[in-house]
Amino acid sequence: MIIAGIAAVFMAIIGALGTDAAALPVRLAYWIGVMLAGSTLGLLVTFAVKVWGRLRGNRLAEGALVAVVISLPLTAVVIVAGQLSFGVTALATAEIIVGWAIVPMVSSQMTAVNYATAPVPAVVPLRSAEPMPAATAPLAAPIGAAAMPARRAISAARNASRRAISAARRPSLRASSA
């Protein structure tokens, strides 16, 4: 968020991407809004990609995926913010296409800066050859011959409860037939 804020102020001051015709306060509002929205979206997507975990060892691929995924919704944010900030009432198709080309470029650069400044997580190798400690052993019953006593006990308990229910019903049936 701090990097996005600094970049937003810089982009507003230089009037980046054709915003130089607007007054500085309008540019500041536009760029801070767009950059913070992009940063928030980037944080959410980064969190989702990290939870997904399939690219955990490849920071370059992870960052590229984040930049691509945030591009489409961020393009919509840029278009709406541009209309609200600069009074554009209708966008030509070419402007939307150019905007969709610029947003991935900026989001890629911001993602690269964020990934470059973020600390690299420590890699802890898994020791799959070591046996599991007894406390973390699976709780499920083993399948096969070792599970037979457990299955027999469950079956015996089920049969006993069925017999008890049947026995409880019998006196009432006898009493009603008499």
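Counting pairs of alpha carbon atoms under 8 Å apart in space and at least six apart in sequence, what relative contact order in percent does region 1-82 give?
Rounded, it is 29 percent for region 1-82.
Sort 25-31, 55-61 for me by packing, meaning the mean count of neighbouring Cβ atoms within 10 Å per residue, highest on top.
Values: 25-31: 18.1, 55-61: 12.0.
Per-residue Cβ counts within 10 Å, averaged per peptide and sorted highest first, yield 25-31, 55-61.
Every number in this text was worked out from the coordinates using simple rules, so none of it is lab data. The shown structure was predicted, so the numbers you read here are calculated from the model rather than taken from an experiment. Positions of Cβ are generated from backbone atoms using ideal geometry, with glycine treated the same way; all protein chains shown enter the neighbour counts.
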